[in-house]
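Everything below concerns the one structure shown next.
Since every read-out is calculated from the coordinates, none of them should be taken as a lab result. Quantities reported herein were computed from a predicted structural model and do not represent experimental measurements.
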Amino acid sequence: MSDGIGTKFDKVCSILDKYEHNPHKLIAILQDMQEEYKYLPEDIMTFVSTALGISPSTVYGVATFYSHFTLQPKGKHVIKLCDGTACHVRKSQDILNAIKKYLGLSKKSNTTPDMLFTLETVACLGACGLAPVVVIDDQVHGLMTPESTIALIEEIKKEEVVCGGN
């Protein structure tokens, strides 16, 4: 772009073009934005609102209403721990505590400082027969224990070192 906005917004503009700057396609636009940036940065949402001619509060409202969207950067590897009834009864809280301790996470931050891991708890993963369930990078792992979960995370860490993080 030659209008001074710069390359940061080039991808945003191409996504907006894809949806013909149609404000009725806001959810699809935000999904593509999140796919590109891995979260929805505030400046991107402001740019989208201006480009679509809708208020920033409308864009923010949609982004915060749907749990799929995130306003915070996520780590390279996303760990989703189910805390639905079946998983909770089978001690998913013990797994949660073990992951938090191992990764050094707190109530304030669910992402490691090196941006390698993000921990999320979800209400249900739909795999109750495998409870407790952990999903790491969209791979489902069932019948988990604190020890087996930490072992999976350690494997990912080792792979990151071997591959240099790529």
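Under 5 Å between amide hydrogens, built in the peptide plane, is the criterion, and for residue 122 it picks out 81, 82, 83 among residues at least 5 positions away or on other chains.
The Cα-based radius of gyration and maximum Cα-Cα distance (Dmax) for the range 51-148 are 15.5, 51 Å. A straight chain from residue 27 to residue 139 at 0.36 nm per residue would run longer than the Cα-Cα distance by 37.8 nm. Of the cross-linked pairs 11/80; 100/157; 80/101; 101/157; 76/158, those separated by over 19 Å at the C-alpha level are 11/80.
Distances between placed amide hydrogens fall under 5 Å for residue 76 paired with 116, 117, all partners being 5 or more residues away or on another chain.
Taking max minus min of the alpha-carbon positions on each principal axis, the range 7-65 gives extents of 25, 22, 17 Å, largest first. Pair-distance distribution P(r) for the chain, from all Cα-Cα distances in 10 Å bins starting at 0: 10, 32, 27, 21, 9, 1 percent.
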